[in-house]
Amino acid sequence: SQTIHQWPATLVQPVGSPLSLECTVEGTSNPNLYWYRQAAGRGLQLLFYSVGIGQISSEVPQNLSASRPQDRQFILSSKKLLLSDSGFYLCAWRDGQGYGYTFGSGTRLTVV
Amino acid sequence: AQKVTQAQTEISVVEKEDVTLDCVYETRDTTYYLFWYKQPPSGELVFLIRRNSFDEQNEISGRYSWNFQKSTSSFNFTITASQVVDSAVYFCALSRYTDKLIFGTGTRLQVFP
């Protein structure tokens, strides 16, 4: 069965520090992968998506970047965090038929 | 452009009341999918239902039911006899056949004992 792992679960980082959030998927190949962010009390905003290794599409200009070094690995990064980067980050993958999306358990990031 | 509107920001009910969460969508596509997700306080997104644009049949799953009406571009979600465990944020979402998921802003449901 397919599973998605996301870590860490919680992170507190100072302003200006780097960020690396990792997401891996098991039990499938060539998945479409997504990074979403949910600011406090807000909806889910799509940040990046990837249809294959090295292929990244950015939805919103921001202080973040994404990479897909392996088929089932999706990384969200920042060189210097801003206070506005605080939020709940969710990774998701979509099955090949486009029918379902499965979400990771999320990372709650607080930038102080 | 695709858009999902959940006009109800927050709803409060007392246990055993029925409650309907509204969802209105916009799309020019003829093939698309609609979803509902539940986000409990722990934060993870729990998949509830997926409906494709060619299937307008209403669906019932236990205390949950969904009413899909293409004529009004709506995909409403009703919880019958609500329970405290139903308290969560509920998101309606839309995607094209091979595209990303677009979420509404969510409706926070609070069920009081």
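Using a 1.4 Å probe over the heavy atoms of the protein chains, calculate the carbon and sulfur portion of the accessible area of chain A as a whole percent. Don't skip to the end; give the middle numbers.
Values: 2650 of 5210 Å².
Its accessible area is 51 percent carbon and sulfur atoms.
For chain B, what's the relative contact order in percent, using C-alpha pairs closer than 8 Å and at least 6 residues apart? Write out the running numbers ahead of the final one.
Details: 279 pairs, mean separation 43.4, N = 113.
Relative contact order, chain B: 38 percent.
Give me Rg/Rg_expected for region B:2-41, where Rg uses Cα atoms only and Rg_expected = 2.2 N^0.38 Å with N residues. Please list the in-between numbers first.
Details: Rg = 13.4 Å, N = 40, 2.2 N^0.38 = 8.9 Å.
Expressed relative to 2.2 N^0.38 Å, the Cα Rg reads 1.50.
Can you pull out the trypsin sites (Lys or Arg not before Pro) in region A:30-112 whose DSSP state is coil and whose Cβ has at most 14 other Cβ atoms within 10 Å?
Values: sites: A:Arg37, A:Arg42, A:Arg72, A:Lys79, A:Lys80, A:Arg94, A:Arg108; in loops: A:Arg42, A:Arg72, A:Lys79, A:Lys80.
Listed in order of number, the matching sites are A:Arg42, A:Lys79, A:Lys80.
What residue among A:Val12, A:Val25, A:Val51 has the largest mean-square fluctuation in a Gaussian network model of chain A, using Cα springs under 10 Å?
Top of the fluctuation ranking is A:Val12.
Taking every eigenvalue of the Cα gyration tensor of the protein assembly as shown, multiplying by 5 and rooting it, what semi-axes result, largest first, whole Å? It would help to have the intermediate numbers written out before the result.
Numbers: eigenvalues 177, 91, 47 Å².
With the √(5λ) rule applied to the protein assembly as shown, the semi-axes are 30, 21, 15 Å.
Counting only protein heavy atoms, what percent of the accessible surface of region B:2-94 is carbon or sulfur at a 1.4 Å probe?
Numbers: 2150 of 4570 Å².
Its accessible area is 47 percent carbon and sulfur atoms.
How large is the accessible surface per residue of region B:17-80, computed with a 1.4 Å probe and reported in Å² as a whole number? Walk me through the intermediate numbers first.
Working: 3250 Å² over 64 residues.
With the other protein chains kept in place, region B:17-80 gives 51 Å² per residue.
What does the charge add up to near B:Pro41, with Lys and Arg as +1, Asp and Glu as -1, over the other residues with Cβ less than 15 Å from its Cβ?
Here the count lands on 0.
List every residue whose amide H lies under 5 Å from the amide H of B:Val46, counting only residues 5 or more places away in sequence or on a different chain, with H placed 1.01 Å from N in the peptide plane.
Placed amide hydrogens put B:Lys38, B:Gln39 under 5 Å from B:Val46.
Within 11 Å, Cβ to Cβ, of A:Ile53, how many net charges do the neighbouring residues add up to if Lys/Arg are +1 and Asp/Glu are -1? All intermediate terms of the calculation are to be shown ahead of the outcome.
Values: positive: A:Arg68, A:Arg72; negative: A:Asp71.
Surrounding charge for A:Ile53 is +1.
How big is the shadow of the Cα convex hull of chain A, averaged over all directions, in nm²? Walk me through the numbers on the way to the answer.
On the way: hull surface 26.2 nm².
Over every viewing direction, the Cα hull of chain A projects on average to 6.5 nm².
Give the total of Lys-Lys pairs in chain B with Cα-Cα distances below 21 Å; include a pair only if its members are 8 or more places apart or on different chains.
Counting lysine pairs in chain B gives 6.
Give me the net charge of A:Leu33's neighbourhood, meaning all other residues with Cβ under 10 Å from the Cβ of A:Leu33; Lys, Arg count +1, Asp, Glu -1. The partial results should precede the final answer.
Details: positive: A:Arg68, A:Arg72, A:Arg94; negative: A:Asp71.
Net of charged neighbours comes to +2.
Using a simple charge model, +1 on the beta-carbon of Lys and Arg, -1 on the beta-carbon of Asp and Glu, nothing else, what dipole does chain B show about its Cα centre, in debye to the nearest 20? It would help to have the intermediate numbers written out before the result.
Details: 11 positive and 13 negative charges, 57 e Å.
So the dipole magnitude of chain B works out to roughly 280 debye.
The values are calculated or read from the model by the stated rules, or taken from the named source; none is laboratory data. Keep in mind that this is a model prediction, so the values were computed, not measured. Reconstructed Cβ throughout: ideal geometry from the backbone, glycine too, with neighbour counts over all protein chains shown. Keep in mind that these areas ignore ligands, DNA and RNA; they rest on the heavy atoms of the full protein, side chains included. Shrake-Rupley method; radii C 1.70, N 1.55, O 1.52, S 1.80 Å.
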